[in-house]
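All of the numbers you see were taken from the coordinates with simple rules; none came from a lab. Predicted, not measured: the structure shown is a model, and the values here were computed from it.
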Amino acid sequence: MGWYFTRQSRSEMIAELIAPQETGHARAQTIAHALRGNVLWSVVEVTDKVTDKNRDLAPGPQRFIRCDLLQGSGGEWGYKPLDESMHPFYYSCPLRYLDLAPEQSHAWREGVRAYHAQRAGA
């Protein structure tokens, strides 16, 4: 995925990224978020609203860890959306988020644990 830029301030953009979203098919709600420098970590819960057999999502709410990279340029702010399944090469995700969503990348989670272990030992 690429970068998406907006004329919003950094704080306005972050507020929009963590705000509940709804389409005709699904509802997404951020249940936890943390800012680590220019990386916004979120745990997002997505619920499918379609009740027929042709679902895009599994039944019931699904959770995942999202990683938005933030960058300012020319008076604008932008973000690059990633998630755990993409194994973002950023590991400052709060440890407690690992308990809030099912594992999608074992290697990435090991990187998060190693990052926090190193910080605790420093």
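Comparing Cα centroids, segment 66-81 and segment 103-122 end up 24 angstrom apart. Near residue 32, the amide H atoms lying under 5 Å from its own belong to 43; only residues 5 or more places off or on other chains count, and H is placed 1.01 Å from N.
Applied to segment 13-27, the Karplus parametrisation 6.51 cos²θ - 1.76 cosθ + 1.60 on θ = phi - 60° returns per-residue 3J(HN,Hα) values of 5, 4, 4, 5, 5, 9, 6, x, 10, 9, 10, x, 10, 8, 10 Hz, with x for Gly and Pro. Note: relative contact order over the chain, using C-alpha pairs below 8 Å and six or more positions apart, is 23 percent. Amide H contacts for residue 83 (H built 1.01 Å from N in the peptide plane; partners 5 or more residues away or on another chain; cut-off under 5 Å): 67.
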